[in-house]
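Before any comments, here is the structure.
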Amino acid sequence: MNTLSGRIAELIAAEGPLSVAQFMGICLHDPQAGTYAVRQTIGRDFITSPEISQTFGELCGLWAAQVWYDQGRPERPRLVELGPGRGTLMADALRAIAAAAPEFLKDAEVVLVETSPMLRDAQREKLKSYTAGISWQERFDERLADRPLLLIANEFFDCMPVRQYVRTARGWCERMVVVEDDKLAFALAPVPVDPSFIPSDRHEAPEGGVYETAPSGLALAEEIARTVELRGGGALIVDYGYDAPGFGETLQAVAEGQFSDVLDEPGDSDLSAHVDFMALAAAARAGGSSVYGPVTQCNFLAELAIGPRAEKLMLANPAKAHEIAAAVDRLVNPEKMGALFKVLGLVPKNTPQPPGFS
Ligand code: SAH
């Protein structure tokens, strides 16, 4: 048992079993020992698209600028990134926007939504040459609801805590985290949940089938869609996930590139879950915006002309041409990140279709 599992065991002893979502939230965000609070996780446990190729952040930034143009350049836009990691995506996005669409930045405000003080420091350092005002907040809330919103979220929704329900002979029972023989263990809640809580397309699940859902992620998608619909702008959500309902659990722990046990060494591995894109799209529709996709990352980036952009970079850096091509291949190759990663686009109803979703 590491320190965090000892503290979680004490919490369970005092207050009873934790839902998987409560457990995941503590593992990721505990201020003293949570993964994002204390661990250098990006680049060590896993690597993300903006860290692989600068083209990724550039194209996300240009997507936001294009959506803003298509809506008649609404005044005082707010460019927001959820979970900006090391700040790489935003640095690449701002550089590309400054070169191709500087008008966008004239009265734009940039807000980074980040819980981790350690990562906020990394972002501040990465973005220090960018002079216009950047501010930070710990969560997406009503402060971001009063202006046109251009929002980017890459590998953010996979960190939204999931709850899990298991189909049993007596109904759907929530999976909980308990202490057994001095170790953290999974156990099912004795009393099943009300069946209306489980979406109808999952009712036919076999015994042992799992329904996994990320309530806080879905509520957030709905809130973002509401602001986009009301104020204009758009949201670009990129993550690994699935686009058909399934009965599987996807919560996973990764440490230094290897899968590990979810309950072992909490805080010392990265916990995440695949994103249910159909549920996310439905939540966004409930928030009132138009929803495009999900499309695969490969199709999205191809439509945004990642090929020509990579060629330009290769011409400018012939010594690095091979490296640049390999990095872009990693993003778009369906056997690498091209197909597992999906993209969802939100824009207000009755505005042009955003680029990347034909
Ligand atoms: N988007 C970045 C980093 C992905 S890792 C990239 O593509 O490289 C997930 C990021 O989301 C981290 O910055 C993490 O600290 C942040 N994060 C996770 N959960 C969060 C939450 N509930 N609120 C705000 N930020 C969160």
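The values are calculated or read from the model by the stated rules, or taken from the named source; none is laboratory data. Since the structure is predicted, the reported quantities are computational estimates derived from the model, not experimental observations. Here Cβ is always computed from backbone atoms with ideal geometry, including for glycine, and neighbour counts include all displayed protein chains.
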If only one of ALA33, ALA65 is within 15 Å of the ligand (Cβ to nearest atom), among the small types (Gly, Ala, Ser), touching a residue at least 24 places away in the same chain (Cβ under 8 Å) and buried (at least 18 other Cβ atoms within 10 Å of the Cβ), which one is it?
-> ALA33
Which one of the conditions (1) closer than 23 Å to VAL343 by Cβ; (2) buried (at least 17 other Cβ atoms within 10 Å of the Cβ) does ARG95 fail to meet, given that it meets all the rest?
-> (2)
The condition of being under 20 Å from VAL20 (Cα atoms) and more than 16 Å from the ligand (Cβ to nearest atom) holds, among VAL179, VAL162, only for VAL179
Considering THR41, THR48, which residue is at pLDDT below 95 and in contact with a strand residue (DSSP E or B) (Cβ under 7 Å, 6 or more places away or on another chain)?
-> THR41
When residues of the range 46-57 are filtered for being near the ligand (Cβ under 10 Å from one of its atoms) and either within 24 Å of CYS27 (Cα to Cα) or out of contact with any Asp or Glu (no Cβ under 6 Å at 6 or more places or on another chain) (or both), how many remain?
-> 8
Among helices (runs of 4 or more DSSP H) entirely within the range 270-358, at least 1 residues that are among the acidic types (Asp, Glu) and surrounded by fewer than 19 Cβ atoms within 10 Å (Cβ to Cβ) occur in 297-303, 306-316, 321-332
Restricting attention to the range 108-128, which residues are assigned to a loop (DSSP other than H, G, I, E, B) and either hydrophobic (A, V, I, L, M, F, W, C) or within 13 Å of LEU150 (Cβ to Cβ) (or both)?
-> ALA108, LEU127
Within the range 1-30, tally of residues that are free of Cβ contacts under 8 Å to residues at least 12 places away in the same chain and among the polar types (S, T, N, Q) | 0
Taking the condition surrounded by fewer than 19 Cβ atoms within 10 Å (Cβ to Cβ) and on the phi > 0 side of the Ramachandran plot, does GLY257 pass?
-> yes
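Residue by residue, here is whether (1) among the charged types (D, E, K, R); (2) out of contact with any Ser or Thr (no Cβ under 6 Å at 6 or more places or on another chain); (3) more than 16 Å from the ligand (Cβ to nearest atom); (4) at negative phi holds:
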{"residue": "GLU114", "(1), (2), (3), (4)": "yes, yes, no, yes"}
{"residue": "SER135", "(1), (2), (3), (4)": "no, yes, no, yes"}
{"residue": "ASP141", "(1), (2), (3), (4)": "yes, yes, no, yes"}
{"residue": "ASP158", "(1), (2), (3), (4)": "yes, no, no, yes"}
{"residue": "ILE198", "(1), (2), (3), (4)": "no, yes, yes, yes"}
{"residue": "GLU204", "(1), (2), (3), (4)": "yes, yes, yes, yes"}
{"residue": "PRO215", "(1), (2), (3), (4)": "no, yes, no, yes"}
{"residue": "LEU218", "(1), (2), (3), (4)": "no, yes, no, yes"}
{"residue": "ALA221", "(1), (2), (3), (4)": "no, yes, no, yes"}
Quick one: which residue in THR88, THR41 is within 9 Å of the ligand (Cβ to nearest atom) and either closer than 20 Å to LEU340 by Cβ or out of contact with any helix residue (DSSP H, G or I) (no Cβ under 8 Å at 6 or more places or on another chain) (or both)?
-> THR41
Scanning for something under 21 Å from the mean Cα position of the chain (by Cα) and in contact (Cβ under 8 Å) with a residue 40 or more places away in the chain, does the range 312-325 turn up at least one residue?
-> no
Every residue from the range 305-357 that is closer than 21 Å to ALA225 by Cβ and among the small types (Gly, Ala, Ser) | GLY345, GLY356
